[in-house]
Structure formats: C-alpha cells, structure tokens
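First up is the structure itself, then whatever we jot down about it.
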Amino acid sequence: MRDPAVREDVYEERPVASRYWSWSPAQLIAAVIGIGFIVLGAVALGDTGVDDWYRPVAKVAGMYHTPLLAGIELAFGVLMLLAALVPGAERSLMGLLSVAALVFGILIVAGVARKDLYPRLGVLDRNGWFFIGVGVIGLLASIAAPVFASASGRRTSVRRVE
C-alpha cells in the first residue's frame, strides 16, 4: 500500500556507473616481457656506453648487443610495459610489438641482410631465436588470454530532487 505522505515527484532514478575490476593473464606476460627487455637493454647500454651507436659490441645474457640494439630493446620494454597496464584495451599494442619481435627474429635467423644488421646491431642467430620466442609468446598471449572482470556493472540510484 502506498504511503500518501510520500510524493513520488520529488524522487528521480538515474543510472550510476559502479566500480569494477578486470585483469588478464596477458598483462602479466606483457609485464614480464617488458621488465625483462628494460633490464636487458639497460645492462647492455651500460656495458656499451652511448659514444657511438654502432660500437662497441658487448655480450649480455649470451647475446651480442650494440648501443643501438640496447636502445631498441629498452624502448620495446617500455612500450610492452605500457601495454601491460590496461587489461584488454592494449592487447593490440602487445600484439603489434610481438609481431615486430617475431618478424625481426625471423629476419635475423633467415640471414636476410645479416651483413647490414650485424655491424649496426651486433645480432646473430641466438638473438634471432630469442626474438622469435618472445614474439610467439607475446602474440599467443595477446590473442588467446581471456579478460576476467567482476560481475558488477551499472546500478540505479534514487535521490531526492530538491
């Protein structure tokens, strides 16, 4: 039964967005790849210095690096870490970076332009296989990893109109 003392025209309903969380295992994989490349690039850059972008060549983690390759790895790591910040939304960036690493690795292993790449980047087959592995893992994670979200969504609030 309605209460005659309550006037319905003084209340209004409006939708309100509620907070919810979401995450994806792809974020964790992108973060691990990003941090790994940041560390690898920083250590290689520390060993080679930045006086000349093409020399010297330093061996870090069993792979050869020039300062240019170390800078590229550092930038790749930062971008991959940025892709890890937002679940689902930055999967395209993670996928793009993974494809770039995969193609770069294939070019190195296939020997395409090796005499041009080695003097500038110091890359050999070991580098190529490493980039192929990172590219495959990142690409699979960006495509196949699900996004988990909370069940809450939108709700309605009732407030008194003054």
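The values are calculated or read from the model by the stated rules, or taken from the named source; none is laboratory data. Keep in mind that this is a model prediction, so the values were computed, not measured. Positions of Cβ are generated from backbone atoms using ideal geometry, with glycine treated the same way; all protein chains shown enter the neighbour counts. Heavy atoms of the whole protein, side chains included, go into the accessibility calculation; ligands, DNA and RNA do not. Shrake-Rupley method; radii C 1.70, N 1.55, O 1.52, S 1.80 Å.
Kindly list, by first and then second residue, each pair from a residue in region 66-80 that is among the polar types (S, T, N, Q) to a residue that is assigned to a helix (DSSP H, G or I) and open to solvent by 10 Å² or more (accessible area, probe 1.4 Å), limited to pairs with Cβ atoms under 6 Å and residues at least 6 apart or on different chains. From residues that are among the polar types (S, T, N, Q), the pairs are T66/L121. Only a single criterion out of (1) assigned to a helix (DSSP H, G or I); (2) under 22 Å from V60 (Cα atoms); (3) of a type in the set (A, V, I, L, M, F, W, C) is not satisfied by V123, namely (1).
Could you tell me whether A26 is modelled with pLDDT under 95, under 17 Å from G133 (Cα atoms) and open to solvent by 60 Å² or more (accessible area, probe 1.4 Å)? So A26 fails the test.
Within region 90-98, is even one residue over 22 Å from L68 (Cα atoms), not aromatic (F, W, Y) and not in a helix (DSSP H, G or I)? Taking every residue of region 90-98 in turn, at least one turns out to be over 22 Å from L68 (Cα atoms), not aromatic (F, W, Y) and not in a helix (DSSP H, G or I).
Taking the criterion of being aliphatic (A, V, I, L, M) and surrounded by fewer than 16 Cβ atoms within 10 Å (Cβ to Cβ), the residues of region 101-145 that qualify are V103, I106, A110, V112, A113, L124, V136, L140, I143, A144. Total residues in region 47-89 satisfying the condition of being open to solvent by 60 Å² or more (accessible area, probe 1.4 Å), part of a helix (DSSP H, G or I) and not aliphatic (A, V, I, L, M): the figure is 1.
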